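Below is one structure, written out as structure tokens; the observations come after it.
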Amino acid sequence: MGTFRSLWSALWSAGFARQGSTRKAGAAKRRPLLANSIAGREFDYDLLLMFVRNEAVAALTVPVLAIVFAVTMLSWGNPRQLLLWLATIFISEGILLALTREFKKQPRETADLNQWRRNLAAGEFLYGVSWAAVAFTEFTPANQAAYFFLFAALMVVTAIRMLFAASVMPILHAGTIPVTAALCLRFLMTGEAFYWLMAVVAAGIHFYFVFLVTTLQRTAFSMLEHRAENERLIEELKREKASSDEARAKAEGANLAKSKFLANMSHELRTPLNAILGFAEVMKDEYLGPVGNAKYKSYAADIHASGEHLLRLINEVLDLSRIEAGRYELIETAVDFGAVARECVHLLRLDALAKGLRLKATFKPDMPPVLADERAVRQICLNLLANAIKFTPEGGAVALHTGILPGGEAILTVCDNGPGIPDEEMPTVLRAFGQGSLAAKKPDSGTGLGLPIVAGLAELHGGRFELHSKQGAGTEASLIMPKFRVMPGHRGQSARKAA
């Protein structure tokens, strides 16, 4: 059993590149993978090395088996012939071991594998002939027990030699054919039909052993083939994953550096822009006296309007950058969702009326306050309302709702009955600077930063932003705050006003 495990372990580690040439056409697709992992010459060397190691393992066990065999045969055979036979076993075994030791001394890179295969096959043939010689020793006439013992013993020796030499078929045949041939010849020399039948059985067993060894090799090589292919694929996946991780790390690093840069540029960008806005407002409103030229006054108004637009854009970019860089600091207080929502509705009511929209607002009475950053909640509410008003066509409706979900979470929802967002554009509108097809057609569509800022602020609070839309059926955008931020036992400002 130990020899079989040794054989299997060696087959498992040796590889199978040369076996690929005998595979069917389906295996041809895998050969490029095998060629990269197992070279044919390396495989041949490993197979010979496997046989050499097996012989080293059997250096003591097989001679002991020969001694036991000779002692048992003394009951039927000639002692002098058996002693001579035993001496030839030791001599041939010594020659074979000397060849194996010499092979192990040869450098892997320079060893002549063809020559060594012939040398080892010759040594194995001599060893097989030595074992076969016992079949021609003199027995007690008509002693069936001697013939049965000879049959059983030599079949066992044949099986052992096949296991030891299973890695190299020429060596296997060189060592086992002489044993089986001698046994069959001895049976045929008896002239009795029964022993002729025994000779046929011995030959049949020999061919069956060869078939088993060949099947074992084929199965082992097939398993090795799949294993090598899997290992190759795993290595490729590891390399691809490492490359992907490296690229992602670089991208994240670049994004973080960009975000930190923009977050740090807040003062440098806003200071000169505020100066431009201030001077433009002074000229536009003629604080220091009449301009004297109507076109100059119009230019000043355009400069002021453009500056305000640019300031809003810079504020949005800086807010998103601080969120991504993790530098947006929350100032948490007890926020009354109803009061903040009412304030936002008041600020944007004129925009809604200018487009002929119906603006509705419903607030849950006695809604407890939420532990949050009031400025962030106000910005979320204004962004959602402004988006709904911007994309809802004239005569439509926009509704704002605040309340508590059955699970105890606080929610602020803005709904409209506008054209909605197609499913395929949903990931785009949630990405920074992403705009849907409808926004691309509107001159005042904005920068595409509103929803990413809302999602980022919601995440900073441990909450989430949900966007549900169906083309032609409107859009519903919700800020959901986690239950642990709801402050039970408190009454919000709107509830106190209602009271």
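When the stretch 75-126 is examined, which residues are found to be among the hydroxyl-bearing types (Ser, Thr, Tyr) and closer than 26 Å to residue 148 by Cβ?
75, 88, 92
Look through the stretch 174-189, keep the residues that are surrounded by 14 or more Cβ atoms within 10 Å (Cβ to Cβ) and without any contact (Cβ under 8 Å) to a residue 24 or more places away in the chain, and return whichever of them is nearest to the chain's Cα centre (by Cα).
Narrowing the stretch 174-189 to residues surrounded by 14 or more Cβ atoms within 10 Å (Cβ to Cβ): 174-184, 186-188.
Retained after the next criterion (residues that are without any contact (Cβ under 8 Å) to a residue 24 or more places away in the chain): 184, 188.
On the way: 184: 58, 188: 64 Å.
It comes out as 184.
Which one of these is at pLDDT below 75 and on the phi < 0 side of the Ramachandran plot: 428, 447? Let's see the steps before the verdict.
Numbers: 428 fails: at pLDDT below 75.
The match here is 447.
Quick one: which residue in 88, 158, 100, 72 is within 24 Å of residue 208 (Cα to Cα) and either among the polar types (S, T, N, Q) or touching a His at 6+ places or on another chain (Cβ under 8 Å) (or both)?
Numbers: 88 fails: within 24 Å of residue 208 (Cα to Cα); 100 fails: within 24 Å of residue 208 (Cα to Cα); 72 fails: within 24 Å of residue 208 (Cα to Cα).
Just one listed residue meets the conditions, 158.
Please determine, by comparing only the residues of the stretch 450-472 that are part of a loop (DSSP other than H, G, I, E, B) and surrounded by 15 or more Cβ atoms within 10 Å (Cβ to Cβ), which one is modelled with the highest pLDDT. So that I can check it myself, show each step before the final result.
Applying the first criterion (part of a loop (DSSP other than H, G, I, E, B)) to the stretch 450-472 yields 461-463, 470-472.
Of the ones still in play, those that are also surrounded by 15 or more Cβ atoms within 10 Å (Cβ to Cβ) are 461, 463.
Details: 461: 87, 463: 90.
Result: 463.
Is it fair to say residue 138 is farther than 19 Å from residue 202 by Cα, modelled with pLDDT under 85 and surrounded by fewer than 20 Cβ atoms within 10 Å (Cβ to Cβ)? Reasoning before the result, please.
Details: farther than 19 Å from residue 202 by Cα: yes; modelled with pLDDT under 85: yes; surrounded by fewer than 20 Cβ atoms within 10 Å (Cβ to Cβ): yes.
Against the criterion (farther than 19 Å from residue 202 by Cα, modelled with pLDDT under 85 and surrounded by fewer than 20 Cβ atoms within 10 Å (Cβ to Cβ)), residue 138 qualifies.
Is one or more of the residues making up the stretch 473-493 modelled with pLDDT under 85, outside the structural domain of residue 315 (by TED's automatic domain parsing) and closer than 16 Å to residue 381 by Cβ?
yes
In the stretch 80-128, how many are farther than 29 Å from residue 42 by Cα, touching a residue at least 24 places away in the same chain (Cβ under 8 Å) and of a type in the set (A, V, I, L, M, F, W, C)? Even if it seems obvious, please write down each step before you answer.
Filtering the stretch 80-128 down to residues farther than 29 Å from residue 42 by Cα leaves 80-91.
From what is left, the residues that are touching a residue at least 24 places away in the same chain (Cβ under 8 Å) are 81-82, 85, 88-91.
Okay, now just the ones that are also of a type in the set (A, V, I, L, M, F, W, C), so 82, 85, 89-91.
Total satisfying the criteria: 5.
Kindly provide the set of residues from the stretch 34-85 that are of a type in the set (Ser, Thr, Tyr), farther than 21 Å from residue 129 by Cα and modelled with pLDDT of 75 or more, ordered by number.
45, 75 - these are the residues of the stretch 34-85 that are of a type in the set (Ser, Thr, Tyr), farther than 21 Å from residue 129 by Cα and modelled with pLDDT of 75 or more.
Of the residues 305, 280, which is in a helix (DSSP H, G or I) and either closer than 14 Å to residue 400 by Cβ or touching a His at 6+ places or on another chain (Cβ under 6 Å) (or both)?
On the way: 305 fails: either closer than 14 Å to residue 400 by Cβ or touching a His at 6+ places or on another chain (Cβ under 6 Å) (or both).
After ruling out the rest, the residue left standing is 280.
Could you list all residues from the stretch 350-380 that are among the aliphatic types (A, V, I, L, M) and without any contact (Cβ under 8 Å) to a residue 60 or more places away in the chain?
The answer is 350, 352, 353, 354, 357, 359, 361.
Pairs only if they're at least six apart or on different chains, beta carbon under 6 angstrom, first in the stretch 283-294 and within 18 Å of residue 305 (Cα to Cα), second at pLDDT 80 or above; list them, first residue then second.
Taking only residues 6 or more apart or on different chains, the pairs are 283/300; 284/300; 284/301.
For the subset of the stretch 204-220 comprising residues that are surrounded by 11 or more Cβ atoms within 10 Å (Cβ to Cβ) and of a type in the set (Val, Ile, Thr), which member is modelled with the highest pLDDT?
If we take residues in the stretch 204-220 being surrounded by 11 or more Cβ atoms within 10 Å (Cβ to Cβ) and of a type in the set (Val, Ile, Thr), then 205 is modelled with the highest pLDDT.
The values are calculated or read from the model by the stated rules, or taken from the named source; none is laboratory data. Remember, it's a predicted structure, so these values are computed and weren't measured experimentally. A quick note on method: Cβ atoms are made from the backbone with ideal geometry, for glycine too, and the neighbour counts reach across all protein chains shown.
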